[in-house]
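Comments concern the structure below.
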Amino acid sequence: MQTVTIKVEFPKQTFLHWGRSKEEIEQDVKKATALELFRDKRLSFGKAADLAGMPLSDFMDLTREHKIPLTDYSLEELEEEIKSSKTTAEKLKRD
């Protein structure tokens, strides 16, 4: 998988008040981005979970914590989700 690196700058005081390591903040930013893109219907559930670096079940819990509904799917989105889930299952079988 190809990736893109994005540099985000925070004021030092904000970073210090966050109370987390740089790696934990990077993971927080990935999760927040994945949640927002899923909420805006710009990513499927499966692709958002991949972006967040989480298993589907954990991402489902995260969406529940943030009160983001999972059931507002069009037929096309549901088909994409099924396809994405099959791809993820195939990757897990190979690993």
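The values are calculated or read from the model by the stated rules, or taken from the named source; none is laboratory data. Note that this is a predicted model, so its numbers are computed, not measured. Heads up, the Cβs are rebuilt from the backbone with ideal geometry, glycines too, and the neighbour counts pull from every protein chain shown. Calculation scope for accessible area: heavy atoms of the full protein, side chains included, ligands and nucleic acids excluded. Shrake-Rupley method; radii C 1.70, N 1.55, O 1.52, S 1.80 Å.
Report Rg(Cα)/(2.2 N^0.38 Å) for the chain, keeping two decimals. Don't jump to the answer; show the numbers that get you there.
Working: Rg = 15.1 Å, N = 95, 2.2 N^0.38 = 12.4 Å.
So the chain has a normalised radius of gyration of 1.22.
When you count, for each residue, the other Cβ atoms within 10 Å and take the mean per peptide, how do 5-14, 27-36, 40-49, 86-95 rank with the highest first?
40-49, 27-36, 86-95, 5-14
How much of the accessible area of the chain, probe 1.4 Å, is carbon plus sulfur, in whole percent? Mind showing how you got there, number by number?
Working: 4230 of 7680 Å².
On the chain, the fraction of accessible area on carbon and sulfur atoms equals 55 percent.
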